[in-house]
Amino acid sequence: MPSVCVVKVRLSLYENGVEKAYAEFDGKGSTFTSWFTKDRLLESSWADLKTSPHRFFSIAGHESGGLVRRFFLEKNYGGCPNDNGWLVVLEKNDTCSWGKTDSVPKILYANSQSNVNWDKGQVGVADVMTISVKLLQPAVCPFGK
């Protein structure tokens, strides 16, 4: 099987077949998880994702004390009613009211151009999350495999 180069990686969130939010990353030289970092972020539907501080920006997310939050883009924790972020995939019923769910996984996202308060903001629930990878063949790959 030929080697390929990853150029870009795009995470997209959909509701009823319509893309509602996205983040695109520089995939050059990345691994299957290292592409998902603030430093690699190229563009996003969330205008403040690159410039705002982050508590979490990770695929692994936060797993502790009953929490299982993946693909976690969280601005801050301030006690459940004050938690703000952009994206979270819940793998189990959460301890915070904003993460209570009868079905998992559940994909919550900021349905606006910036981070939202998970309790009070414009929170969307995606029914599909995709990760798309743009590749170059080795013969045209200027930056290795």
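Let me test this: with uniform point scatterers at the alpha carbons of the chain, what is the Debye-based log₁₀ I(q)/I(0) at q = 0.10, 0.17, 0.21 1/Å?
-0.36, -0.92, -1.30
With charges set only on the Cβ (+1 for Lys and Arg, -1 for Asp and Glu), what does the dipole of region 19-115 come to about its Cα centre, in debye to the nearest 20? List each step's numbers first, then the result.
Values: 12 positive and 12 negative charges, 20 e Å.
So the dipole magnitude of region 19-115 works out to roughly 100 debye.
Using a 1.4 Å probe, how large is the accessible area of T130, given in Å² and rounded to the nearest 10?
40 Å²
In the full protein assembly as shown, how much of R55 is accessible to a 1.4 Å probe, in Å² to the nearest 10?
R55 exposes around 140 Å² with every protein chain in place.
For D127, D26, D39, give the ranking by accessible area with the largest first, probe 1.4 Å. Could you put the intermediate results ahead of the total?
Values: D127 90, D26 40, D39 145 Å².
Descending order: D39, D127, D26.
Expressed as a whole percentage, what fraction of the accessible surface of region 1-108 belongs to carbon and sulfur atoms when a 1.4 Å probe is rolled over the protein heavy atoms? Mind dumping the intermediate values first?
Numbers: 2670 of 5250 Å².
Within region 1-108, the accessible surface is 51 percent carbon and sulfur.
Mind checking which lysines have their C-alpha under 26 Å from K20, skipping anything on the same chain fewer than 8 residues away?
By straight Cα distance, K20 reaches K8, K28, K38, K50, K75, K92, K100, K106, K120, K134.
Could you tell me which chymotrypsin sites (Phe, Trp or Tyr not before Pro) in region 64-115 are loop residues by DSSP with no more than 14 other beta carbons within 10 angstrom of their beta carbon?
Values: sites: F71, F72, Y77, W86, W98, Y109; in loops: Y77.
Within region 64-115, the qualifying chymotrypsin sites (Phe, Trp or Tyr not before Pro) (loop, at most 14 other Cβ atoms within 10 Å) are Y77.
Once R0 is set to 22 Å, what does the formula 1/(1 + (r/R0)^6) return for the Cβ-Cβ distance between S114 and A60, expressed as a FRET efficiency to the nearest 0.05?
Values: r = 24 Å, r/R0 = 1.09.
It comes out at approximately 0.35.
What accessible area per residue comes out for region 2-127, rounded to a whole number of Å², with a 1.4 Å probe?
Values: 5980 Å² over 126 residues.
Result: 47 Å² per residue.
Are there any chymotrypsin sites (Phe, Trp or Tyr not before Pro) in region 1-50 that are in a DSSP loop and have at most 16 other Cβ atoms within 10 Å? List them by number.
Details: sites: Y14, Y22, F25, F32, W35, F36, W46; in loops: F32, W35, F36, W46.
In loop regions of region 1-50 (DSSP not H, G, I, E or B), the sparsely surrounded chymotrypsin sites (Phe, Trp or Tyr not before Pro) are F32.
The values are calculated or read from the model by the stated rules, or taken from the named source; none is laboratory data. Fair warning: this is a prediction, and the values are worked out from it, not measured in the lab. Neighbour counts are summed over all protein chains in view; Cβ atoms, including those assigned to glycine, are modelled from backbone coordinates with ideal geometry. For accessibility, only protein heavy atoms count, side chains too; no ligands or nucleic acids. Shrake-Rupley method; radii C 1.70, N 1.55, O 1.52, S 1.80 Å.
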